[in-house]
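Step one of this worksheet: look at the structure below.
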Amino acid sequence: MSLIPKAMKKHLLAASLLIAGAQQADAQQLELDSQQCNWTWNVYLPPPLNVSGVPTTTNDFQISGRVGGPFSRNSNGEVFAGQFTLGEVAYFPDLEGYFPGATPGTTWANFRIYDILMRKESLPLDFGVEATADGSYSGDHWWHFISGTAEIQFTGGDSFVVPIDGLDSLPIYQTGQFTSNPDGSLHLEATETHSFVLFDPTTSLTFDLNLSGSIVADEVFDIVNFCSGDGTGTFCPCGNFAGPGEGCMNGTMQGGMLSASGSASINDNDLILRGSQLVPSQPGLYFQGNNAVNSGNGNPFGDGLRCAGGGVIRLQVRFADATGASETSISIPGNGGVSAGDVKRYQLWYRDPNTSFCGFGFNLSNGVEVSWSA
């Protein structure tokens, strides 16, 4: 069978979205509220059979997991560009039913679609004009099967079990809207319909699977900053405090900053660590640790604070450019040896040999915590 194609964490990240103005799209993921994501399914055998499937127990189901993608917000905090590319969605319970036979009270075949894991995808969405965007969007969407199995048991006959991973539903025009929660995080609501055309090459049986329901989801933060050198936690070694979200002040009279773009998905493998406000032309070591040192407040180390420790892995040495910026060019989950469910901490240790604020010759950025998913 196959388918025919197609408290600190939130306010820091939310504030950065709201004050940054129109910007390049960043990856966001939103957690589905499964209690509000109520869906129904129906299965139909097209002509010449013209038979509708009958649920074994119910044709109601719910979805859970995450949807997301790169989305851009304007200076008012409204989404004005982006598309769905990220996340994993599971269905429960399994979709089970039967096709009635020609004689009343008989069953021609039973069917079941189970172990479903899907991802919501779309073309770039239409949000209208950026200046007047209100988060409402439209465009073609589809569900992509990450995993799943379809099974048909003919009464008194053969049983066919076929994996359906890697297959897509038909692209269908959908609408929805992003709004902002009180803390600035994204809220998503949409009502959608998705259609699949399934074909069993063994029996030449074709039938339509239609799914309809609501999506209600709120942004979750898998990538957050911690351990700032602004005096809110551990004091910087020589009173060299910097601004919120920065490391301790370096010789440029700024604190080195570490940020991350992309997602915390191991499979997507698109996370990039970026350093800024560093000392130009000096090397810096991006490293990974298991722990947030001193409950995430850090301990004095050189001119800065050591924020990430325990099982330290050296990821990559990069030189800052003339503007004091650098970024990783490797696979962070691959080189860090991370697994889904791991929480890792990252930091940048960089040289400041000539203008060292405290005289140690090196400093560190703030920390970044990543909660890795599959």
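The values are calculated or read from the model by the stated rules, or taken from the named source; none is laboratory data. Values in this document were obtained by computation on a predicted structure and should not be read as measured data. Cβ coordinates were reconstructed from backbone atoms using ideal geometry, including for glycine residues, and neighbour counts include every protein chain displayed.
Pairing residues of the stretch 275-289 that are within 16 Å of residue 310 (Cα to Cα) with residues that are among the aliphatic types (A, V, I, L, M) and buried (at least 21 other Cβ atoms within 10 Å of the Cβ), at Cβ distances under 6 Å and at least 6 apart in sequence or on separate chains, gives 286/273; 286/348; 289/308. A residue that is within 22 Å of residue 209 (Cα to Cα) and not assigned by TED's automatic domain parsing to the domain that holds residue 266 cannot be found anywhere in the stretch 126-138.
Please specify each residue of the stretch 235-269 satisfying the condition of being of a type outside the set (D, E, K, R), crowded, with 22+ Cβ neighbours inside 10 Å and assigned to a loop (DSSP other than H, G, I, E, B). Across the stretch 235-269, the qualifying residues are 236, 242, 247, 248, 250, 256, 263, 264. For the stretch 211-234, the set of residues classified as crowded, with 21+ Cβ neighbours inside 10 Å, under 22 Å from residue 370 (Cβ atoms), among the β-branched types (Val, Ile, Thr) and under 26 Å from the mean Cα position of the chain (by Cα) consists of 223 only. The criterion of being outside the structural domain of residue 136 (by TED's automatic domain parsing), within 30 Å of the chain's Cα centre (by Cα) and among the hydroxyl-bearing types (Ser, Thr, Tyr) does not hold for residue 195.
Considering the stretch 333-362, and only residues there that are part of a strand (DSSP E or B), out of contact with any Cys (no Cβ under 6 Å at 6 or more places or on another chain) and within 22 Å of residue 235 (Cβ to Cβ), the residue that is modelled with the lowest pLDDT turns out to be 345. Screening residue 327 on (1) in contact with a helix residue (DSSP H, G or I) (Cβ under 7 Å, 6 or more places away or on another chain); (2) over 19 Å from residue 248 (Cα atoms) shows it passes everything except condition (1). When the stretch 75-100 is filtered for residues that are surrounded by fewer than 20 Cβ atoms within 10 Å (Cβ to Cβ), at pLDDT below 90 and either out of contact with any Gly (no Cβ under 7 Å at 6 or more places or on another chain) or not in a loop (DSSP other than H, G, I, E, B) (or both), only 76 remains.
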